[in-house]
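Let me begin by presenting the structure, written as structure tokens, before commenting on it.
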Amino acid sequence: MTSTLETPAASPDASPDAREVRVAIIGSGFAGLGMAIALRRRGETDFVVLERAGDVGGTWRDNTYPGAACDVQSNLYSFSFAPNPRWGRSYSEQPEIQAYLRATADRFDVRRHCVFGADVTSARWDDAARRWHVTTTAGEFRARVLISAAGALADPARPDIPGLDTFAGTVMHSARWEHAHDLSGKRVAVIGTGASAIQVVPAIQPIVDSITVYQRTPAWVVPRTDHPVKPWTRRLYTYVPGLQRGIRAFLYLFREFLVIGLAKNRRFLRPVAKLARTHLHRQVRDPKLRKALTPDYTIGCKRILISNDYFPAVAAPNAELVTAGIAEVRPHSVVTRDGVERPTDTIVLATGFSVTDLPIAKRIRGREGRSLADVWSDGMVSNRSAAVAGFPNLFLLVGPNVGVGHTSMVYMIESQVAYVDDALRTMDAEGLDVLETTPAAQEAWRSLVAEKSKGTVWLAGGCASWYLDRHGHNTTLWPDFTFRFRRLTRKLDRENYVGVPAGAPASRPEVAA
Ligand SMILES: Cc1cc2nc3c(=O)[nH]c(=O)nc-3n(C[C@H](O)[C@H](O)[C@H](O)COP(=O)(O)OP(=O)(O)OC[C@H]3O[C@@H](n4cnc5c(N)ncnc54)[C@H](O)[C@@H]3O)c2cc1C
């Protein structure tokens, strides 16, 4: 950004000790780091990355449960500008992805912009000062632009089960694993059968005394084509980087084919469903267990999971799959609705995250002090998944309708980073103090997403998933090919924003819309 713009006077309620920065980014996962790196790469240094934890990494710093790994090949699940020729496996495990993120932060020298231990407790737009006042547990900041990259899967969801608080043993969420808690010889209950459960169950089943998996809805599971990467392949990737880029492109295109079935014509999902059924039949002999593990909704409606060891783990002699539904938790047991009480030492909550009610939304307040959560009380809305009317100079990364289940989130994140970066450069080029999207643009984006979502497997596949909000609207997923998202967000749609030049009186987008 240029430095020609004058800093308006602080409003009377601004803290005099607040640190002034051009850009404040919340979060240091793939999105926050990607944004910080984009700024650094074009010479911008006046920014901070506010991170509540003590290290970068986000998802990959927090999800350290046994078996944690990505389910998109690492050659694709990584930054396009920072390929890693040394991946040890085709689908890397958590420690390697976390190491990659740390190394990438160091390589692009963004760690010195990070303020760790800075939990953003509130961010408030000050119309007079044209600044965001950001309050954190590590001090106050005043920022011209606020970019929230606080993560959609960053805050564990705790299920509302009667008696859970009275449990005398250890209760831990998969995303907050307590490594000091020894599971060997324990009777363990795993609640949930989603993407985390499917990794954690086979990892702990061999060491526990018994494992009970409480399932509400079975998942569609296909084989995991994971393998170690041979040393000569790694050497090839190092000396012929084009090869790794080619493989990345192939993986990307291959995965985009799935969108034809997921979003356009469900007939194309039939071979995938057949593959999943064959996988289940091969791995589970017991017809009763097989039936309990067979989904009754269309494949793809919930995230398609990949595993070679989940079914064998659930079918193991020390494992039990329970579908009766949990009635209550008692101090030493879990009781299901059919009245059966199972003595339990440890409860693992593999119950996912707060997705459609993002906690950060309660903390960000725009014009007239309205929080994002208020504005989104009837469902998340935005212009191009990145900006919200009434929240000037705020950009969202991995906000509404950016999620993808079939491919790498990093592709979506890089699309968004380019869009936000273009917005920042536009502000500089035009000498704008304020850039705010219009309600009309937001409505147009909402209609586009709703139109694209019609007839997709996520809406019509017969399942209840976290992709949909309480009204049944798709507010989390991008319901089309990801290259279309990239095309739509390639550049700032300037016509959908009202800009206020430095020194000029404010003009409201409501007027301009
Ligand atoms: C177990 C697991 C496996 C996954 N596997 C895949 C996969 O294989 N492929 C894929 O595409 N996606 C996968 N995902 C999705 C994954 O979350 C995204 O790919 C990506 O890592 C998201 O990055 P992010 O930066 O948006 O969010 P995050 O990585 O969640 O980072 C958000 C950061 O913001 C910080 N933060 C939040 N609130 C505040 C606050 N108030 N103040 C300060 N800091 C704050 C958090 O501490 C965190 O560091 C997986 C998710 C999980 C949980």
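So here's what we get for this one:
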| item | result |
| --- | --- |
| Per-residue HN-Hα couplings for region 245-257 [Karplus 6.51, -1.76, 1.60; θ = phi - 60°; Hz; x = Gly/Pro] | 5, x, 5, 4, 5, 4, 4, 4, 5, 4, 6, 5, 4 |
| Per residue accessible area in Å² of the chain, where ligands, DNA and RNA are left out and the probe is 1.4 Å | 42 |
| Linear extension gain, Arg245 paired with His179, 0.36 nm per residue minus alpha-carbon span | 20.1 nm |
| Whole-Å distance, taken between Cα centres, linking region 331-355 and region 375-444 | 39 |
| Calculated from backbone phi, Karplus (6.51, -1.76, 1.60) coupling profile of region 201-207 in Hz, x at Gly/Pro | 4, x, 6, 9, 3, x, 9 |
| Cα extents of region 279-412 along the three principal axes, largest first (Å) | 58, 37, 23 |
| Relative contact order [Cα under 8 Å, 6+ residues apart], the chain, whole percent | 19 |
| Histogram of C-alpha separations across region 324-366, 10 Å bin width, % | 24, 31, 19, 19, 6, 0 |
| Largest-first ellipsoid semi-axes for region 382-440, taking √(5λ) over the Cα gyration tensor eigenvalues, angstrom | 23, 14, 7 |
| Whichever aspartates and glutamates have a C-alpha closer than 12 Å to that of Lys362, once near sequence neighbours (fewer than 8 apart) are set aside | Asp374 |
| Dimensions (Å) - region 10-109, Cα atoms, principal axes, largest first | 55, 31, 18 |
| Amide H contacts of Asp119 (H built 1.01 Å from N, under 5 Å, at least 5 apart or other chain) | Thr137, Ala138 |
| Scaled radius of gyration (Cα, divided by 2.2 N^0.38 Å) that region 233-280 gives | 1.63 |
| FRET efficiency, 1/(1 + (r/R0)^6) with R0 60 Å, evaluated for Glu256 and Asp17 via beta carbons | 0.75 |
| Residues with amide H under 5 Å from that of Thr475, placed H, sequence gap 5 or more | Asp469 |
| Virtual spin-label span in nm between Glu368 and Ala440, 7 Å along Cα→Cβ | 2.0 |
| Solvent-accessible area, 1.4 Å probe, carbon plus sulfur percent, for the chain | 53 |
| Amide hydrogen neighbours beyond the local backbone of Ser90, cut-off 5 Å, H modeled | His227, Val229 |
| Pairs of alpha carbons in the chain whose separation is greater than 32 Å (percent) | 45 |
| Karplus 3J(HN,Hα) series, Hz, for region 413-427 with 6.51 cos²θ - 1.76 cosθ + 1.60 (x for Gly, Pro) | 4, 5, 4, 5, 4, 5, 5, 5, 4, 5, 4, 5, 5, 5, 4 |
| Met35 accessible area, 1.4 Å probe, all protein chains in place, Å² to nearest 10 | 0 |
| Hydrodynamic radius of region 205-300 per Kirkwood, over alpha carbon pairs, in Å | 16.8 |
| Long-range Cα-Cα pairs in region 386-513 (distance over 17 Å), rounded percent | 60 |
| Mean separation of Cα contacts under 8 Å (6+ apart) over length of region 170-248, as relative contact order % | 26 |
| More than 12 angstrom apart: percent of Cα pairs within region 172-223 | 67 |
| Rg followed by Dmax, in Å, when region 88-240 is reduced to its Cα trace | 21.6, 63 |
| Efficiency of FRET between Arg107 and Arg484 - r from beta-carbon atoms, R0 45 angstrom, step 0.05 | 0.90 |
| Reciprocal of mean inverse Cα separation for region 110-196 (Kirkwood radius, Å) | 17.1 |
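The values are calculated or read from the model by the stated rules, or taken from the named source; none is laboratory data. Predicted model only: the values in this text are computed from it and were never measured. Note: ideal-geometry Cβ built from the backbone for every residue, glycine included; neighbour counts use all protein chains shown. Remember, those area values only see protein heavy atoms, side chains included, never the ligands or the DNA or RNA. Shrake-Rupley method; radii C 1.70, N 1.55, O 1.52, S 1.80 Å.
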